[in-house]
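To keep things clear, I will list the structure first and then write my remarks on it.
The values are calculated or read from the model by the stated rules, or taken from the named source; none is laboratory data. Note that this is a predicted model, so its numbers are computed, not measured. Here the Cβ positions follow ideal geometry from the backbone for every residue, glycine too, while neighbour counts run over all protein chains shown.
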Amino acid sequence: MNISHINHEGVAQLNDDHQQGVAARAESFAKAFGMGDCGRIMGLLHDKGKEQLEWQKYIQGITGYNKAYANIKTGPNHSYVGAVIAQKQYSQIAPLIAQPIAGHHRGLYDYCDYIEETKRGIPQDVTIDMPIPYQLPNFSKTERFDLHHIVRMLFSCLVDADSLDTEAFMNPEQAKLRGSHATMPELLNMMKKHLLELKSNAPDTEVNRIRNYVQERCIQDSQGDVGFYSLTVPTGGGKTLASVLWALHHAVRNHLQHIIIAIPYTSIIVQTAATLKRIFGEDNVLEHHSNMNPDDIKDKDLCERLQLATENWDYPIIVTTNVQFFESLFSNKRSDCRKLHNIAKSVVILDEVQTLPLDFYRPIVDTLNTLQRVFGVSVLFTTASQPILSGRIEGANPKASFDALSSVHEIIPDGIELHDKLRRVALQFMDGAKSYDDIADELSKHQQVLCIVNTRRDAKELYDRLPKEGICLHLSRMMCPTHVSATIEHIKTALKLQKNQPLRVIATQLIEAGVDIDFPVVFRQEAGLDSILQAAGRCNREGKHDICTTYVFSLGKEHPLPPGFMTQTNNARLNMGQQHDWFSPEAMTCYFKQLHSRVDNFDSKQMQELLYKPACEFEEAARQFHLIDDQTTSVIINWKESMDIYEKLLSQGPSYDLMKKLAHYSVNIRKRDFEKLQSMGAIEEPFENIYAVTNPCFYKSDTGLTIDNQWLEETFII
């Protein structure tokens with residue numbers, strides 16, 4: 001009998017038992033999108049290569065199961081064998097299942113590498129069973145951009161099934177932590193109870209009446225079939241709770257399994273996840289992003305359950321980043337792809353969808369199309385400034401143009417009236433270019449004021465010029481995530497409890513979308529219309545005043561906008577001419593048409609050439625698909641508890657938990673700034689590619705990391 005695994009107690013799991021277990025799990029996962037037979041066959045074939053005598057000697061030797069083989073330290077490749085059998089016995093579905101089998105440990109291959117890997121024949125000591133009957137998947141409605149996602153989704157089914165079956169045998173105590181969760185109907189009842197409590201304590205204001213109206217519309221409109229939906233609500237309209245309310249009703253109606261909320265900014269994720277955990281409990285809401293801190297969770301069993309759940313998203317509600325969501329859908333790695341099958345038959349809420357990078361717009365839109373048609377996913381787009389998502393996207397030339405989504409159903413049909421009712425802000429464009437001193441003088445005239453600028457350097461320069469009377473705060477990514485979160489909480493507390501003393505905040509656009517703050521006056525450096533309106537959403541948010549003003553200013557030529565997307569968006573706004581109503585949906589449509597007309601390639605990394613064909617280049621596509629061109633280096637800084645954790649790193653060495661904790665005390669910097677710190681002897685490298693600036697002189701309690709007064713020019717959205 002062939003062995004698959006040997007646990008710490010010296011008990012062997014037979015290979016046939018393992019393959020049957022994986023087959024059952026993979027079949028149940030793939031049934032969600034009508035390919036259960038493919039899942040079953042992959043499970044039965046994936047470890048056939050372990051039947052090789054040399055592999056049997058290897059597993060028994062390295063585990064001490066048979067000391068006669070103790071000198072054997074490496075075994076033959078076992079993964080390719082099942083792929084070759086699939087090609088021979090299941091030729092009709094081999095294009096779907098052979099790659100996942102071959103790559104179930106190392107990841108999906110580029111096509112030429114896959115062909116090279118499977119050139120070898122089937123070893124003589126591997127038995128070839130009779131093929132089992134299977135039903136061919138229905139490909140009548142598939143598009144050329146569907147195939148790579150189907151292969152990747154089947155890969156996900158296989159690797160998660162393989163991991164779970166192995167875990168159940170090797171570590172049954174850990175497997176028990178993957179407990180059950182509330183059902184969608186149960187979660188819906190929790191939401192209804194929460195909203196009743198909110199309404200019973202809420203004052204009867206125009207803003208609250210509109211929020212109630214939006215929720216009622218979401219309930220009424222949730223009974224449609226799986227498809228594309230849009231919730232376009234002005235800032236302050238309560239779209240976060242309304243969108244989850246819609247998703248719960250829609251999931252119950254269509255028997256969907258999960259609600260996945262993808263958000264562009266980690267600051268919004270933390271806020272959104274905290275709100276949802278208060279409603280549904282921590283056992284039902286999974287946060288998956290780089291700023292998640294295990295130390296924030298006191299219940300260690302719960303902490304371990306959450307960490308396990310990030311592997312495969314086996315939670316009813318997942319809150320994650322756009323980057324995590326889309327880069328996983330284009331990854332070739334086992335660890336990234338393992339969770340993908342849990343996206344099938346789910347509701348995906350894409351928040352602030354206008355932030356999706358135009359360089360990847362074509363493959364992203366095509367991916368959403370595939371998720372809806374092939375995998376039964378409903379997608380809800382939520383934003384205060386809806387981009388163009390359906391119909392024809394017209395780029396700078398015919399080659400750049402493409403067909404987007406066929407139709408997107410708007411939940412709030414009377415969006416114009418809603419914008420009128422929620423009109424709490426007037427935009428005022430200031431004449432002429434301003435200096436830092438000009439803007440600092442203007443800000444000093446206001447008791448409570450928020451100023452949002454485009455770069456970290458501008459934020460620092462303006463902050464330095466402000467009088468420090470009352471509360472004066474700076475907010476940028478030169479501050480570590482823990483520092484950013486603490487500063488946002490400081491702002492919220494000051495707005496609520498310290499109304500009689502000055503509060504002036506200088507921030508980059510990390511505060512611009514989704515952060516629940518409410519200033520009577522906002523200043524915004526020139527930018528795209530969507531960014532300006534997001535900034536205006538931090539002004540008179542609760543409608544406590546009749547009309548407040550958001551001022552839009554430009555800095556002089558010596559402070560140009562960062563090149564690239566920021567300049568594109570600003571020029572698109574300037575080219576619109578004079579709009580009488582910048583807040584109207586028509587203005588937003590005009591703006592995005594202008595913006596699209598300036599883009600000469602919506603697929604800058606050539607995903608179509610790499611993936612829209614039978615011979616997919618999975619590994620190269622994964623290398624190229626990065627939503628953020630983040631050519632930065634992360635450095636650990638000296639602030640608050642960071643050095644205590646750093647000392648543990650020095651004494652214990654790197655570990656997942658320590659590096660996760662230190663990520664909360666790290667700042668990402670450009671190469672030139674890293675080199676400048678290096679030249680000053682400020683950079684330590686205790687372990688390979690782990691860097692720290694431990695000298696407290698380089699980290700200020702008000703402005704964060706300082707690099708000889710040179711501040712980063714570019715703004716990153718993470």
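Residue by residue, here is whether (1) of a type in the set (A, V, I, L, M, F, W, C); (2) surrounded by fewer than 20 Cβ atoms within 10 Å (Cβ to Cβ); (3) in contact with a His (Cβ under 8 Å, 6 or more places away or on another chain) holds:
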position: Ser156; (1), (2), (3): no, no, yes
position: Val159; (1), (2), (3): yes, no, yes
position: Ser163; (1), (2), (3): no, yes, no
position: Thr166; (1), (2), (3): no, yes, yes
position: Met170; (1), (2), (3): yes, yes, yes
position: Glu173; (1), (2), (3): no, yes, no
position: Leu177; (1), (2), (3): yes, yes, no
position: Thr183; (1), (2), (3): no, yes, no
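Please enumerate the residues belonging to the range 336-376 that are in a loop (DSSP other than H, G, I, E, B) and under 17 Å from the mean Cα position of the chain (by Cα).
Passing the criteria: Arg338, Lys339, Ile343, Ala344, Glu352, Leu356, Pro357.
Given the structure, is Ile97 at pLDDT below 95 and touching a helix residue (DSSP H, G or I) at 6+ places or on another chain (Cβ under 7 Å)?
no
Might you check whether a residue that is part of a strand (DSSP E or B) and closer than 23 Å to Ala168 by Cβ occurs anywhere in the range 23-34?
Checked against the condition, which is being part of a strand (DSSP E or B) and closer than 23 Å to Ala168 by Cβ, the range 23-34 yields no hits at all.
Can you name every residue in the range 604-620 that is crowded, with 21+ Cβ neighbours inside 10 Å and touching a Pro at 6+ places or on another chain (Cβ under 9 Å)?
Met607, Leu611
Residues that are without any contact (Cβ under 8 Å) to a residue 60 or more places away in the chain and touching a Pro at 6+ places or on another chain (Cβ under 6 Å): find the strands (runs of 3 or more DSSP E) completely inside the range 197-295 holding 2 or more of those.
Once the strands (runs of 3 or more DSSP E) in the range 197-295 are filtered for at least 2 residues that are without any contact (Cβ under 8 Å) to a residue 60 or more places away in the chain and touching a Pro at 6+ places or on another chain (Cβ under 6 Å), nothing remains.
Would you confirm whether any residue within the range 210-231 is of a type in the set (Gly, Ala, Ser) and either outside the structural domain of Leu380 (by TED's automatic domain parsing) or closer than 26 Å to Glu512 by Cβ (or both)?
yes
Can you pull out the residues in the range 213-235 that are out of contact with any His (no Cβ under 6 Å at 6 or more places or on another chain), buried (at least 17 other Cβ atoms within 10 Å of the Cβ) and either at positive phi or of a type outside the set (A, V, I, L, M) (or both)?
Hits for the range 213-235 are Tyr213, Gln215, Arg217, Cys218, Asp221, Gly227, Phe228, Ser230, Thr232, Thr235.
Okay, residues lined up against (1) modelled with pLDDT of 95 or more; (2) of a type in the set (Asp, Glu); (3) not assigned by TED's automatic domain parsing to the domain that holds Met478:
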residue: Ile645; (1), (2), (3): yes, no, yes
residue: Glu684; (1), (2), (3): yes, yes, yes
residue: Phe687; (1), (2), (3): no, no, yes
residue: Leu712; (1), (2), (3): no, no, yes
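Can you tell which of Gly43, Gly107 is crowded, with 17+ Cβ neighbours inside 10 Å, in contact with a helix residue (DSSP H, G or I) (Cβ under 8 Å, 6 or more places away or on another chain) and at positive phi?
The unique qualifying residue is Gly107.
Just the residues that are hydrophobic (A, V, I, L, M, F, W, C) and without any contact (Cβ under 8 Å) to a residue 60 or more places away in the chain, please, taken from the range 304-352.
Of everything in the range 304-352, those that are hydrophobic (A, V, I, L, M, F, W, C) and without any contact (Cβ under 8 Å) to a residue 60 or more places away in the chain turn out to be Leu306, Trp313, Val319.
With respect to the numbered conditions (1) within 22 Å of His105 (Cβ to Cβ); (2) not in a loop (DSSP other than H, G, I, E, B), which one is the sole condition not fulfilled by Arg178?
(2)
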